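Trainee: Shown below is the structure under consideration.
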Amino acid sequence: GTADETRVRMVICALGGGPVTLGDRLPDLSEDKLALIPKCLPGHGMPARPLDLFTHLGYPRVWDLPVRTDWGAWHVVGVFNLDAETARPELNLKQLGLDATKPYVVYDFFAGKLLGEISLSDDLELTLRVPVPPTSVRLLRITPREEHPFILSTDMHLTQGGVELPAVRWDEGTSSLRGRATRSPGLAGNLYVYVPQGFRPAQAELPYAAPVLTVTLAFTQSDIEWAVSFDQQ
């Protein structure tokens, strides 16, 4: 299929919570498509919840996967369009159970960019309309904004930290964000760190387009440690 169709299948597989199955003849796949397979492995094991089931005719378009780890919690939301024309499904943020006292940041996995910041209110219901091209999907990570640098996303797995980052912590004493990452040896990937106002990266060589810092990891072994330091302004 097309790149968009491939992404649809990936997200259905990753958010479905079941075993990851591959039906392609692997020697016939391009390098680009082979590189997509690890982004679904290993399976997360928890199923997403369709937010718009039985609210309209047809298939559910908005799937919510709450990801909870020992070091953080966020939502991975798949917004599907299996039709022949561009669609704008609605995402009612109240359905995610977000905390109205906290701001959140939204990252688009496939576009590889920060979409912006959102804030909720108990007195105002907030609904996003998400444009999705024909036969395609958008995968959003919705993360509570912290007062110190924090993980915004990764490009290594569709859960964006749910399986490939077993440990992350902010060290106030050294103003550093550090943790462990796990992938198959020989792979490489990127961490995307949100850097709030009042901080700046201490390592000038790291790609930085405020407020997003990119940290590239090369897996010479399956489990590696990483750390990035910051100066407080």
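The values are calculated or read from the model by the stated rules, or taken from the named source; none is laboratory data. Just so we're clear, the structure is a prediction, and the values are computed from it rather than from any experiment. Reconstructed Cβ throughout: ideal geometry from the backbone, glycine too, with neighbour counts over all protein chains shown. Only protein heavy atoms, including side chains, enter the accessible area calculation; ligands, DNA and RNA are left aside. Shrake-Rupley method; radii C 1.70, N 1.55, O 1.52, S 1.80 Å.
Trainee: Can you tally the net charge around Ala181? Count Lys and Arg as +1, Asp and Glu as -1, for every other residue whose Cβ sits under 15 Å from the Cβ of Ala181.
Mentor: Net local charge, Ala181 excluded: 0.
Trainee: Non-local amide H neighbours of Ala202 (under 5 Å, H modeled in plane, Pro and chain starts lacking H): which ones?
Mentor: Amide H neighbours of Ala202: Ser229, Phe230, Asp231.
Trainee: Let me ask you something else. Search the structure for amide H atoms under 5 Å from the amide H of Ser153, placed 1.01 Å from N in the peptide plane, and list their residues when 5 or more places away or on another chain.
Mentor: Tyr192
Trainee: Report, to one decimal in Å, the Kirkwood hydrodynamic radius for the chain based on all distinct Cα pairs.
Mentor: With all distinct Cα pairs of the chain included, I get 18.7 Å.
Trainee: Further question on the same structure: Which ³J(HN,Hα) values, rounded to whole Hz and listed in residue order, are derived for segment 13-19 from phi using the Karplus coefficients 6.51, -1.76 and 1.60 in 6.51 cos²θ - 1.76 cosθ + 1.60 with θ = phi - 60°, glycine and proline given as x?
Mentor: For segment 13-19, the Karplus-derived couplings read 5, 5, 8, x, x, x, x Hz, x marking Gly and Pro.
Trainee: What percentage of the solvent-accessible surface of segment 1-69, computed with a 1.4 Å probe over protein heavy atoms, is contributed by carbon and sulfur atoms?
Mentor: Of the solvent-accessible surface of segment 1-69, carbon and sulfur hold 59 percent.
Trainee: Sequence gap at least 6, Cα distance under 8 Å: using those rules, report the relative contact order of the chain to the nearest whole percent.
Mentor: Relative contact order comes out at 16 percent.
Trainee: Using θ = phi - 60° and the Karplus relation 6.51 cos²θ - 1.76 cosθ + 1.60, list the HN-Hα couplings for segment 106-115 in order, rounded to whole Hz, with x at every Gly or Pro.
Mentor: 10, 10, 9, 5, 6, 6, x, 8, 6, 8
Trainee: Which residue fluctuates most in the GNM of the chain (Cα springs below 10 Å): Thr154, Thr86, Thr182?
Mentor: Thr86
Trainee: Counting only protein heavy atoms and a 1.4 Å probe, tell me what percentage of segment 87-162's accessible area is made up of carbon and sulfur.
Mentor: Whole-percent figure for carbon plus sulfur exposure: 45.
Trainee: Taking just the alpha-carbon atoms of segment 66-128, what radius of gyration and Dmax come out, in angstrom?
Mentor: My reading of the Cα-based Rg and Dmax gives 13.4, 41 Å.
Trainee: Something else now. In whole Hz and in residue order, list the ³J(HN,Hα) couplings for segment 219-227 that follow from phi through the Karplus curve 6.51 cos²θ - 1.76 cosθ + 1.60, θ = phi - 60°; x for Gly and Pro.
Mentor: Result, rounded to whole Hz: 9, 6, 9, 6, 10, 10, 9, 9, 7.
Trainee: Keeping every protein chain present and rolling a 1.4 Å probe, give me the accessible area per residue for the chain in Å².
Mentor: 52
Trainee: Also, I was wondering about something else. Which number gives the lysine pairs in the chain that have C-alpha atoms under 26 Å apart and are eight or more places apart or on different chains?
Mentor: 5
Trainee: Taking the Cα centre as origin and putting +1 on Lys and Arg beta-carbons and -1 on Asp and Glu beta-carbons, what dipole magnitude results for segment 1-153, to the nearest 20 debye?
Mentor: 220
Trainee: Give me the orientation-averaged projected area of the Cα convex hull of segment 141-233, in nm², one decimal.
Mentor: 5.8
Trainee: Hey, another quick one. Given segment 9-136, what whole percent of its Cα pairs are spread farther than 19 Å?
Mentor: Within segment 9-136, distances greater than 19 Å cover 58 percent of Cα pairs.
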